[in-house]
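What follows is one structure encoded as structure tokens, with my remarks underneath.
The values are calculated or read from the model by the stated rules, or taken from the named source; none is laboratory data. What you are looking at is a predicted structure, and each value in this text was computed from that prediction instead of being measured. For neighbour counting, all protein chains shown are included, and Cβ atoms are generated from backbone atoms with ideal geometry for every residue, glycine included.
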Amino acid sequence: MKYVAGVDIGNATTEVALAKIEEDSLTFLASGIGPTTGIKGTLQNVNGVFGSLKNALDKVGLDFADLSEIRINEAAPVIGDVAMETISETVITESTVIGHNPSTPGGAGIGTGVSVMVDELGRITEEKDVIVVIPKFIGFEKAAELMNNAKKNIHIKGAIIQTDDGNLLNNRLNQPIPVIDEVRMIEKVPLGMECAIEVAPIGSVISHLSNPYGIATVFNLSSEETQRMVPIARSLIGNRSGVVIKTPSGDVKARNVKAGSVTIIGERKEVTVDVDEGAEKIMEGVNSVSDIINIKGEKETNVGIMLDKVRRVMSSLTGKKKRDIMIQDILAVNTFNPQRVIGGIADEFALENAVGIAAMVRSDRLQMEMIAHTLTEKLKVPVFVGGVEADMAIKGALTTPGTSIPLAIVDMGAGSTDASIINREGKVKLIHLAGAGDMVSLLIQSELGIEDFEMAEDVKKYSLAKVESLFHIRHEDGTVQFFSKPLDPNIFSKVVLVKENDELIPLEGQDNIEKVKAVRVEAKKKVFVTNAIRALSMVSPTGNPRDIQFVVMVGGSALDFEIPNFVTDALSDYDIVAGRGNIRGCEGPRNAVATGLAMACMEPVE
Ligand code: ADP
Ligand code: MG
């Protein structure tokens, strides 16, 4: 009898399967899990291997010395990195638009009129709708007096005030009006121009000025003029308040930023795509080149710098020359990135178009041999690099009850999505693709403007709720949950993440549960649905995913509460039966490779 362990060093997690071999039978004893230390495929991984092994051994009261053999995954092949590239910017050439989220807007509704300095109201003699402009030096008290005393022919429809006294102003007016406050550079607001302001009721966002036809209605625009309003409307989406001023020459332009290009180099051809053409074009380029040898970014542009960083990190960690490090795949997705509007007057932000790119590098067997060697010395247990990772993953996945060959698996990890397929003859084919769990979190982080990556990870993993009272929350699916003890008053009325044991984590600065949910769902689909289809087309014997019947999803991202459903759903369009794996009937989607490696201990090392 002997004890053996299979160890899978992943980008994020190191997993262990511990087993006992008696004659020809293998019994699993325990599993271990822990974070991978350092970048996958480097000597720094040794500590993580220790930790995860100990985690498994402790569960059954064994020690390192009891082990007869350890197998680690071969050539842990991929390292991923992700970056974001903004490709559009909003420029206000004249002060035509202000949209922002002041803490204290006043009133609610929409108002249109001609912009007039508040102390000039007395000069107006004709019948007129006006929007008053109130600079700091006049102040809200004086302004309220001037407005209340305005003659009957003047109809005040709204106000734009420099200080944050929107409410104080409204409280002093005979007739409340929509007020935009905290407009710092109020001197830039053009006077004598047609102007529309909108303030959303508490808890919602503006709806007229963020819609091109809404603006067209207000200003009575032609279809041509309406077309030009699209960037304005877009820059106002999601704001509590907004102003649009119709100036003769003023314009808001959404212009493309030079973002560099990527060049995909294959055996037979080379394709260059400009990043600002968007993700579809980049992926078309990637898909059009079979047998990719390397992918390069244009020098001194953001993509160039990012791809270069991936190469540099890999070269310093592996001791290889930078020019020998090849990037084998990228996944590009369209996304948004909140950026300050150039020429804005109230520190406006607009959601700019961006492209997120995940890149993948292949390391090689040599590295894993070094890890095995170091581990052998330290543990005094023979450590071997086990068979090909794809074979091991399939072996492990096949322990899922109800599976048999032919079978394809999609391993959804942190840095890469790997797929392999085994045919009736037992032949295995595999592929590694850039883009997985880390990319989803990055997209969530940038689209929601979350500072901390860990927080974005949590937004990915947990569902949302709104704290509606101190005793109840409404979950994102609409169900209500009551509490017998009062909740923390600090989370009252906030959007929260619902963690294990009803722990509620507030999402500061996010007040729209629908938006957070939409961003989360889209990010998951953009990465995993795209990659599952890409991966299966590549391993399919015919190049068509339809020729695959059964798919088992494994890896940490298959634990997600939505991702496997999205993938199952998308693959059903191809008549593929896809589901989450349950390794050894008890491990869920985790531990496939480690399980396969432990099983391989029944056979001699190749
Ligand atoms: P690797 O093989 O690259 O080490 P794993 O298979 O350990 O990767 O998967 C890690 C990924 O799984 C990370 O992106 C992590 O955010 C994600 N993940 C882990 N647990 C969950 C969970 N409960 N829900 C959603 N995603 C998860
Ligand atoms: Mg893995």
Return the total of residues in the stretch 375-396 being under 32 Å from the mean Cα position of the chain (by Cα) and either within 12 Å of ligand 2 (Cβ to nearest atom) or free of Cβ contacts under 8 Å to residues at least 12 places away in the same chain (or both).
-> 5
If we ask which residues in the stretch 10-28 are within 11 Å of ligand 1 (Cβ to nearest atom) and aromatic (Phe, Trp, Tyr), their number turns out to be 0
Considering the stretch 269-282 alone, what residues qualify as being in a helix (DSSP H, G or I) and surrounded by 18 or more Cβ atoms within 10 Å (Cβ to Cβ)?
-> Val275, Asp276, Ala279, Ile282
All but one of (1) over 37 Å from the mean Cα position of the chain (by Cα); (2) modelled with pLDDT of 85 or more hold for Ser207; which doesn't?
-> (1)
Hey, can you tell me all the residues within the stretch 404-426 that are more than 10 Å from ligand 2 (Cβ to nearest atom) and not polar (S, T, N, Q)?
-> Ile405, Pro406, Leu407, Ala408, Ile409, Val410, Ala419, Ile421, Ile422, Arg424, Glu425, Gly426
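One line per residue, one yes/no per condition, for (1) of a type in the set (S, T, N, Q); (2) touching a residue at least 60 places away in the same chain (Cβ under 8 Å); (3) more than 20 Å from Met392 (Cα to Cα); (4) assigned by TED's automatic domain parsing to the domain that holds Met602:
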residue	(1), (2), (3), (4)
Val7	no, yes, no, yes
Thr14	yes, no, no, yes
Ala19	no, yes, no, yes
Leu26	no, yes, no, yes
Gly38	no, yes, yes, yes
Thr42	yes, yes, yes, yes
Asn55	yes, no, yes, yes
Asp58	no, no, yes, yes
Leu62	no, no, yes, yes
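Within the stretch 384-395, does at least one residue satisfy the condition of being outside the structural domain of Lys2 (by TED's automatic domain parsing), surrounded by fewer than 24 Cβ atoms within 10 Å (Cβ to Cβ) and either of a type in the set (S, T, N, Q) or under 18 Å from Asn11 (Cα atoms) (or both)? Write out each step before concluding.
Taking the stretch 384-395 as the starting set, the residues that turn out to be outside the structural domain of Lys2 (by TED's automatic domain parsing) are none.
Looking for residues that are outside the structural domain of Lys2 (by TED's automatic domain parsing), surrounded by fewer than 24 Cβ atoms within 10 Å (Cβ to Cβ) and either of a type in the set (S, T, N, Q) or under 18 Å from Asn11 (Cα atoms) (or both), one finds none in the stretch 384-395, hence no.
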Tell me, yes or no, whether the stretch 130-150 has at least one residue that is part of a loop (DSSP other than H, G, I, E, B) and closer than 29 Å to Asp511 by Cα.
-> no
When the stretch 548-565 is checked residue by residue, the ones that are away from ligand 2 (no atom under 16 Å from the Cβ) and either surrounded by fewer than 16 Cβ atoms within 10 Å (Cβ to Cβ) or in a loop (DSSP other than H, G, I, E, B) (or both) are Ile548, Gln549, Phe561, Glu562, Asn565
Which residues, counting only those in the stretch 585-606, are within 16 Å of ligand 2 (Cβ to nearest atom) and surrounded by 20 or more Cβ atoms within 10 Å (Cβ to Cβ)?
-> Glu587, Pro589, Arg590, Asn591, Ala592, Val593, Ala594, Thr595, Gly596, Leu597, Ala598
The lone exception for Thr37 - which of (1) hydroxyl-bearing (Ser, Thr, Tyr); (2) in contact with a Pro (Cβ under 9 Å, 6 or more places away or on another chain); (3) surrounded by fewer than 24 Cβ atoms within 10 Å (Cβ to Cβ) it fails | (2)
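A quick yes/no check of all residues on (1) within 16 Å of ligand 1 (Cβ to nearest atom); (2) under 30 Å from Asp438 (Cα atoms):
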| residue | (1), (2) |
| --- | --- |
| Val4 | no, no |
| Ala30 | no, yes |
| Gly48 | yes, yes |
| Leu62 | no, no |
If a residue has to be closer than 26 Å to Ser557 by Cβ and not charged (D, E, K, R) to count, how many in the stretch 451-508 make the cut?
-> 19
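Quick check on this structure: which one of Ile72, Ile138, Ile131, Ile110 is closer than 30 Å to Cys601 by Cα, at pLDDT 75 or above and not hydroxyl-bearing (Ser, Thr, Tyr)?
Ile72
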